[in-house]
Ligand code: OGA
Ligand code: NI
């Protein structure tokens, strides 16, 4: 089956087919807590030019990165119309007839545009209740040729999220006691070669949402992921050994620190495990952009951050080329932070 969407639309599905039944392992649903909320970062205060406000937000960023690895960004300046157009165009893409998407199916990791279902159906033991579209949008921009106008909206959206990522990385560098340009320079994030991948997720309504999974627990590659969604919730973040459901404010972005932030900061800022659950009401769409260095960059712990309290140089991860890490992650099923475990020293 090419897509869950097709499966759902093919008839009156009243139960989840067996190959989509997801057994929760150690992280059970009894551990879901509604009692906590992720931190909120007012982006406008980072760029307002007021040093007091900026240092306050940088403290908040430090806390958010240390305690959660996830935060909600408000007052980011990305127009609401652009966000709406992105969601609309993404929905229209998934609504295209199968033949029109066929040119993008069965593609490989570094093909510019690919769509499919689950994560890696060749090795996934249980299929995920999720279809996806993945587009490499930087350094070389690509876009599906349909729906019409998608390319224009996508290009602008990706530019705006790249700008947001560099601004956040300046704040994050400062929050680590480094020069504000540190991460952007070291990882060449603002260079013409930096890598940005757009991942659009479609989670069709599911007749038995408690039995299947949209995305299982995983962490993201890259330095930062910037995510937005349509009006349906579904993201849950692991915090203090509990799943915290995320209900973002309208017009906000969710940002999380990725595996390469954990490597670069030598574990000071962790990439946090999250998952996407499904619902029986309507299709949920989420759109994430992963921001990373150029693909041939070897990411290893920053010398400035690996000296321990007795002055010894003690990196906790070995370096790996960004491209090789992406290959490693794509070769397996999504499973917690398993990729990062390969690099621990
Ligand atoms: C992802 C992801 C969460 C969501 O695409 O990596 O974690 O809410 N998505 O769809
Ligand atoms: Ni993710």
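Normalised radius of gyration (Cα atoms, divided by 2.2 N^0.38 Å) for the range 19-92: 1.59. Using C-alpha pairs under 8 Å with a sequence gap of at least 6, the mean separation divided by the residue count of the chain gives a relative contact order of 21 percent. Taking one quarter of the surface of the convex hull spanned by the alpha-carbon atoms of the range 150-278 gives a direction-averaged projected area of 9.2 nm².
In the Gaussian network model of the chain, springs joining C-alpha atoms below 10 Å, which of 17, 217, 315 carries the largest mean-square fluctuation? Highest fluctuation of the listed residues: 17. Mind pulling the angle between the C-alpha long axis of helix 51-67 and the longest principal axis of the chain? Nearest 10 degrees, somewhere in 0 to 90. Orientation of helix 51-67: about 60 degrees from the principal axis.
Cα centroid separation, the range 312-345 to the range 182-199: 19 Å. Would you mind classifying the range 18-145 by shape? Square roots of the alpha carbon gyration tensor eigenvalues, ordered a ≥ b ≥ c; an a/c under 1.5 is rounded, otherwise it is prolate if a/b is larger than b/c and oblate if not. It is oblate, given that a/c is not under 1.5 and a/b is not larger than b/c. Full extension of the chain segment joining residue 67 with residue 327 gains 90.7 nm, where the gain is 0.36 nm per residue of separation less the Cα-Cα distance. Axis angle, to the nearest 10 degrees, between helix 80-95 and the longest C-alpha principal axis of the chain: 40 degrees. Averaging Cα coordinates gives a centre for the range 263-292 and one for the range 47-98; these two points are 13 Å apart. What the Cβ-Cβ distance of residue 75 and residue 152 gives, at R0 = 22 Å and to the nearest 0.05, is a FRET efficiency of 0.30.
At full extension, residue 14 and residue 124 could sit 37.3 nm farther apart than now, given 0.36 nm per residue minus the alpha carbon distance. Counting only alpha carbon atoms, the long axis of helix 150-175 and the longest principal axis of the chain meet at about 30°. Considering every alpha-carbon pair of the range 210-345, the percent of pairs per 10 Å bin, from zero through the bin containing the longest distance, is 11, 38, 32, 15, 3, 0. The modelled label-to-label distance between residue 247 and residue 99, using points 7 Å beyond Cα along the C-beta direction, is 4.5 nm. In this simple spin-label model, placing a label point 7 Å from the Cα along the Cα-to-Cβ direction at both residue 185 and residue 40 gives a separation of 3.5 nm.
Considering only 148, 286, 271, the mean-square fluctuation computed in a Gaussian network model of the chain, springs between alpha carbons under 10 angstrom, is largest for 148. Comparing 200, 283, 192 in a Gaussian network model of the chain, where Cα atoms under 10 Å apart are tied by springs, the biggest mean-square fluctuation is seen for 192. Computed over the alpha carbons of the chain, Rg followed by Dmax gives 19.5, 65 Å.
On the beta carbon distance between residue 107 and residue 313, with R0 = 45 Å, the FRET formula returns roughly 0.60.
Quick note: the coordinates plus some simple rules give every number you see, no bench work behind them. Everything numeric in this text was worked out from a predicted model, so none of it was measured. Glycine also receives a Cβ, built like all others from the backbone with ideal geometry; neighbour counts cover every protein chain displayed.
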